[in-house]
Amino acid sequence: MATARLKLRITFDFEVDAPTSLAQTEHTELCRRISDLLGPLVLQGMPTITAKQLAKAGAMLAGHHHHLEVGNLAAPAIPRETLVSAAPHLTDDELEQLGRRAAPKAPAGGDELLRYLRRQALAMINEYRLVPCNVEAKLKSGGDVRLNATLNLTNGSVMVSERDRQHRIQAEPITVVAAEGSARLPASSAGHTLSGPVIEVAVHALAQHRDPLIQSWLKQP
């Protein structure tokens with residue numbers, strides 16, 4: 001198999017005047033039906049034609065992958081701040097995708113909507129998204145301490161570095177400092193294990209500082 005040296009991405013956005021029976025279909029089923037409708041003629045035809053055209057320059061198609069996403073424009077849009085409140089670990093593009101996917105079946109609002117969006121977001125992206133941080137706390141023996149740690153934007157857990165795990169800290173006050181100091185987040189502690197203090201930042205606190213936190217994550221190598 002040829003070795004890939006280039007990555008080619010071609011994107012088309014199609015706006016479709018669909019019948020009501022199709023527009024009201026649940027998101028996953030809608031994507032499946034559209035995929036079936038397009039079939040090999042479209043989904044395999046593009047790679048075939050692309051390979052033939054690239055061959056004119058002596059290039060060979062080493063592989064390909066397609067992604068099909070259908071957004072329901074008829075469904076009421078979910079405000080961005082609501083999406084961020086439920087899923088501060090997502091990038092801008094992923095938040096837009098979440099809004100399109102969740103809108104057709106989203107509850108009216110309130111905590112039920114946030115729980116629904118949170119489930120949908122974690123179904124999309126549940127990987128660890130880590131940023132470096134420091135933990136400012138008070139030792140149980142008295143005095144202040146600053147621990148080196150890593151903050152997981154996906155669930156708010158804080159992992160203290162190995163060299164600082166022996167420190168036993170008080171349950172409060174605890175502040176997690178991230179994004180080069182631009183994000184200061186209140187945190188709570190549930191005790192101490194072999195892995196060090198058990199520290200957590202609530203999702204709503206992550207959401208309040210989402211923009212600098214996501215920028216910090218995007219900068220990670």
### Query
In whole Å, what is the distance between the alpha-carbon centres of the stretch 154-221 and the stretch 31-67?
44 Å
### Message
Ordering Val198, Val177 by accessible area with a probe of 1.4 Å, largest first, what comes out?
### Response
Val198, Val177
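From Cα pairs below 8 angstrom and at least 6 apart in sequence, can you work out the relative contact order of the stretch 80-124, rounded to a whole percent?
Relative CO of the stretch 80-124 lands at 47 percent.
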### Query
Pick from Asn155, Asn134, Asn126: which is most flexible by mean-square fluctuation in a GNM of the chain where alpha carbon atoms under 10 Å apart are linked?
Asn126
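Please report, in debye to the nearest 20, how large the charge dipole of the stretch 1-121 is about its Cα centre when each Lys and Arg carries +1 at its beta carbon and each Asp and Glu carries -1 there. Display every interim value, and only then the final one.
Numbers: 14 positive and 14 negative charges, 121 e Å.
My answer is approximately 580 debye.
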#### Entry: GNM top mover of Glu127, Glu15, Glu94 - the chain, alpha-carbon springs below 10 Å
Glu15
### Phi-based couplings in Hz for the stretch 51-62 (Karplus 6.51, -1.76, 1.60; Gly and Pro marked x)
4, 5, 5, 5, 4, 5, 9, x, 9, 10, 6, 8
### Query
Treating the beta-carbon of each Lys and Arg as +1 and of each Asp and Glu as -1, no other charges, what is the dipole magnitude of the stretch 130-219 about its Cα centre, to the nearest 20 debye?
120 debye
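Suppose a student asked you for the relative contact order of the chain, using Cα pairs under 8 Å spaced at least 6 residues apart; what percent would you report?
Values: 312 pairs, mean separation 33.7, N = 221.
Answer for the chain is 15 percent.
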#### Entry: Sequence-distant residues sharing a close amide H with Ala183 (under 5 Å, placed H)
Ala178
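The values are calculated or read from the model by the stated rules, or taken from the named source; none is laboratory data. Since we're looking at a predicted model, the values are computed, not measured. Quick reminder, even Gly has a Cβ in these numbers, built from the backbone with ideal geometry, and neighbours come from all protein chains shown. Side chains are part of the model used for accessible areas, which takes the heavy atoms of the whole protein and leaves out ligands, DNA and RNA. Shrake-Rupley method; radii C 1.70, N 1.55, O 1.52, S 1.80 Å.
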